[in-house]
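For reference, the structure is listed below as structure tokens.
The values are calculated or read from the model by the stated rules, or taken from the named source; none is laboratory data. This one's a predicted model, so the numbers in the text were calculated from it and none came from an experiment. Cβ atoms come from the backbone with ideal geometry, glycine included; neighbour counts cover every protein chain shown.
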Amino acid sequence: MRLIFLDIDGVLVTRRPCVMEEKLLQNLARVAKETGAKIVLSSDWRRHPEARAEAQQVLNSMGLELIGCTPCKSPYLAQRPTEILEWKRDFLRTPGGEKLENWVAIDDRELLTEQNGRFLRGHFVQTHPLRGLTPEAADACIAILKQEQKSEPTGSAMRGVPRSSSLEVDRQGGAADEDPPPPPPRNQPRVAGARVLAASHISAAQAARALRVHGNTAPAAVRLPGPGRPRGRSMGAIAGRR
């Protein structure tokens, strides 16, 4: 079993707000086809039911299997790696059969500099927000997913990802789950001709029970070049991204 932790804005959405681009979706589909990987949504689109449902419909239309979403912690702190690691920790704790062979996080944010970002080394491909998941980025994802894994630190070694259910206080001094979610997108995310279908949040434990996956993971990031990264977050303002 292989997993892709997927951001959308800056990966599948680049120049037109809330519109996933066909060619970028095809690049993602190629990654999944060549590796057999399934999708876990780490994008802020997961925070809003309609956006999450749209993401599921579009991914399914490309033959991609969305099995869950990472937990929604505070959107005002840079801690997406922590959210990814928490989902993965809960997923792997569920007893079951199939081994987790490898995983990759795809994002235009500099995740290695965020809370617990060091645990994504060797499992991260950074895209340029105006280019998204190019063929070169897709090749990098395939290379990561096909490589042999090494062992990784246990949950107790990850800041903000303890063994127990209680979470550590974040760097800014606030509890990670206290802040409310950002407002929903002003425009509904779409792909030309796509319909919004009902979809529910799938927890790591539910996905693990359904797929019976367990295993260990490993400690590099691949950053794709671009024409100069923009200072602002053009897409983020629409979907609540930072």
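Quick notes
- Within this structure, L24 passes the test of being crowded, with 20+ Cβ neighbours inside 10 Å, more than 19 Å from R2 (Cβ to Cβ) and over 13 Å from the mean Cα position of the chain (by Cα).
- S43 satisfies every condition listed in (1) surrounded by fewer than 22 Cβ atoms within 10 Å (Cβ to Cβ); (2) farther than 17 Å from L145 by Cα; (3) not basic (K, R) except (1).
- Residue check for P71: at pLDDT 95 or above, in a helix (DSSP H, G or I), closer than 28 Å to E54 by Cα and not hydrophobic (A, V, I, L, M, F, W, C): no
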